[in-house]
Amino acid sequence: MTTMVATTVPVRRASNLTRYAALAAKLALSALLLSALIWPDLSGIKGKASTARLVVYPLGAMVLPLWWWAYGRTRSKLHRGFPWAADLLMTLPWLVDLIGNRLNLFDTVTWWDDAMHFLLWGLLTAGVLLAFATPTLSRGLTTFAALGFGATAAVVWEVGEYYAFIRHSAELQTAYTDTLGDLTLGTLGALLAGLTVHQARHRKAA
């Protein structure tokens with residue numbers, strides 16, 4: 001009995017920390033989006049499809065809570081409660097991207113854009129897997145699911161970027177090479193996410 005209590009307390013504490021981190025990330029994202037509306041010149045996304053980002057980013061951060069409210073609560077066999085870890089992972093990409101733009105890192109740090117395509121697609125894919133993929137999937141199926149989502153999402157993002165602002169900007173001359181690199185890095189990030197999520201679930205089950 002003592003051992004069970006001792007192991008339960010750290011688990012609950014970690015769960016609470018994840019919940020607070022997810023909520024803090026959403027608050028920070030909301031603050032950055034609001035400031036971009038009030039002071040667009042200081043947002044770092046002016047001239048980079050700012051209107052589209054102000055619509056897509058909050059939707060991206062809220063898709064899991066909205067799904068949970070409408071449908072996920074009835075799937076108690078898969079989730080004993082709201083998947084806060086997945087929610088945090090699905091919120092961080094939008095927040096980190098806005099922070100990077102606000103600090104002008106995409107335009108001043110040569111490797112930043114490449115690193116973000118790898119890291120942020122990995123985070124997003126990991127969150128989607130934790131939220132929607134059955135924990136009993138094999139490593140191969142988890143990886144295929146990760147690649148299916150990650151690669152598709154990366155293509156949608158690049159197409160959106162092209163139509164939103166690249167085709168009318170100076171970046172058009174280098175867009176082809178940049179897009180190929182972004183797609184490759186996003187797919188690799190998704191692949192790593194699939195392998196990592198499966199390994200984490202396997203260790204937890206063991």
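Which of the numbered conditions does THR110 fail, given that it passes all the others? Conditions: (1) of a type in the set (S, T, N, Q); (2) open to solvent by 80 Å² or more (accessible area, probe 1.4 Å); (3) in contact with a Ser or Thr (Cβ under 8 Å, 6 or more places away or on another chain). The failed condition is (3). Among the numbered conditions (1) within 25 Å of LEU33 (Cα to Cα); (2) buried (at least 18 other Cβ atoms within 10 Å of the Cβ); (3) without any contact (Cβ under 8 Å) to a residue 60 or more places away in the chain; (4) in contact with a Phe, Trp or Tyr (Cβ under 9 Å, 6 or more places away or on another chain), the only one that TRP94 does not meet is (3). Taking segment 147-167 as the region of interest, how many residues are hydroxyl-bearing (Ser, Thr, Tyr) and farther than 20 Å from GLY194 by Cα? Residues that pass the stated criteria total 2.
Take the residues of segment 43-71 that are over 24 Å from TYR163 (Cβ atoms) and surrounded by 11 or more Cβ atoms within 10 Å (Cβ to Cβ): which is nearest to the chain's Cα centre (by Cα)? The qualifying residue nearest to the chain's Cα centre (by Cα) is LEU64. If you go through segment 135-187 and keep only what is assigned to a helix (DSSP H, G or I) and among the polar types (S, T, N, Q), you end up with THR142, THR143, THR152, GLN173, THR174, THR177, THR179, THR184, THR187.
If you check ALA190 against the conditions, is it assigned to a helix (DSSP H, G or I), modelled with pLDDT under 95 and buried (at least 17 other Cβ atoms within 10 Å of the Cβ)? Here the answer is no, as ALA190 does not meet what is asked. Scanning segment 140-171 for residues that are open to solvent by 50 Å² or more (accessible area, probe 1.4 Å) and either within 16 Å of ASP113 (Cα to Cα) or at pLDDT 85 or above (or both) yields LEU141, PHE144, LEU147, PHE149, THR152, VAL155, VAL156, TRP157, VAL159, TYR162, GLU171.
Residues of segment 193-206 being in a helix (DSSP H, G or I) and either within 17 Å of PRO93 (Cα to Cα) or among the aliphatic types (A, V, I, L, M) (or both), which ones?
If the condition is that a residue be in a helix (DSSP H, G or I) and either within 17 Å of PRO93 (Cα to Cα) or among the aliphatic types (A, V, I, L, M) (or both), then ALA193, GLY194, LEU195, VAL197, ALA200, ALA205 are the ones that fit.
Among all positions in segment 162-185, there is no residue which is touching a residue at least 40 places away in the same chain (Cβ under 8 Å) and under 14 Å from the mean Cα position of the chain (by Cα).
Being touching a Pro at 6+ places or on another chain (Cβ under 8 Å) and open to solvent by 60 Å² or more (accessible area, probe 1.4 Å) is the filter here, so list the residues in segment 18-42 that pass it. Give the derivation first.
So in segment 18-42, the residues touching a Pro at 6+ places or on another chain (Cβ under 8 Å) come out as 29-30, 33.
Listed by number, the list holds a single entry, SER30.
For segment 172-187, the candidate set comprises residues that are among the aliphatic types (A, V, I, L, M) and in contact with a Phe, Trp or Tyr (Cβ under 8 Å, 6 or more places away or on another chain); within that set, the residue that is surrounded by the most Cβ atoms within 10 Å (Cβ to Cβ) is LEU185.
The values are calculated or read from the model by the stated rules, or taken from the named source; none is laboratory data. Bear in mind that the values here come from a model prediction, so they are computed numbers and not experimental data. We place every Cβ from the backbone using ideal geometry, glycine too, and count neighbours over all the protein chains shown. Calculation scope for accessible area: heavy atoms of the full protein, side chains included, ligands and nucleic acids excluded. Shrake-Rupley method; radii C 1.70, N 1.55, O 1.52, S 1.80 Å.
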